[in-house]
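Asks: The structure that follows is given in the form of structure tokens.
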Amino acid sequence: MDRDELIFEEYRLYAEQKENFIDRNFRTNRFYMISFVAIIFALIFTGNVIFMSCISATLVFSLIGIFICALWWMNVDAYNILIKIKFANVLEQIENSLPVKPVTDEYKGIEEYRNNKVFMFSDIQKFIAVIGALFFFAIFVSEISPIFVKIFEKITTVFTVKGGI
């Protein structure tokens, strides 16, 4: 195998790895989307369930939803960085030894598309994760507020009773 064939084979293998990595990214995003929807259904169907006399299922599932959305955001970000830096930069370097540069041309096309302020798929995923986290946070706050009110009332009652003695 001569040098050019070796470079092309290395390029081909790395491009396949990039595609496999992107497929894994899609599977991971599918997991987060299914988890997101499952938590919403859990919130709907377990709204009146109470644990330990004050912690509702809604409180627990909203907290889990916040964590899932945060992990989803971080995962989308991490995959984008890895795909752009690890794979695209390496492939671009290998392309310097090849007669054509498809990844470099593709990246330039994507950058031009992004510069026109068009949302990319990863931007939409991040947007859904943020909206979901805000939704779950609002539910969490609405569920935890009565617990804090009860605790505050008990504390003020104890101090009022002690102050009157």
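Asks: Quick one: would you say Phe127 is modelled with pLDDT under 75, closer than 30 Å to Phe21 by Cβ and surrounded by 10 or more Cβ atoms within 10 Å (Cβ to Cβ)?
Replies: On the way: modelled with pLDDT under 75: no; closer than 30 Å to Phe21 by Cβ: yes; surrounded by 10 or more Cβ atoms within 10 Å (Cβ to Cβ): yes.
Against the criterion (modelled with pLDDT under 75, closer than 30 Å to Phe21 by Cβ and surrounded by 10 or more Cβ atoms within 10 Å (Cβ to Cβ)), Phe127 does not qualify.
Asks: Further, regarding this structure: Out of the residues in segment 1-46 that are in contact with a helix residue (DSSP H, G or I) (Cβ under 9 Å, 6 or more places away or on another chain) and not in a helix (DSSP H, G or I), state the one that is nearest to Ile85 (Cα to Cα).
Replies: My answer is Met1.
Asks: Restricting to segment 73-85, count the residues that are surrounded by 14 or more Cβ atoms within 10 Å (Cβ to Cβ), free of Cβ contacts under 8 Å to residues at least 60 places away in the same chain and farther than 17 Å from Tyr14 by Cα.
Replies: Pass one, segment 73-85, residues surrounded by 14 or more Cβ atoms within 10 Å (Cβ to Cβ): 73, 75-77, 79-80, 82-83.
Filter once more, so that each one left must be free of Cβ contacts under 8 Å to residues at least 60 places away in the same chain: 75-77, 79-80.
Keeping just the survivors that are farther than 17 Å from Tyr14 by Cα gives 75-77.
Residues that pass the stated criteria total 3.
The values are calculated or read from the model by the stated rules, or taken from the named source; none is laboratory data. Fair warning: this is a prediction, and the values are worked out from it, not measured in the lab. No Cβ is skipped: glycine too gets one built from the backbone with ideal geometry, and neighbour counts run over all protein chains shown.
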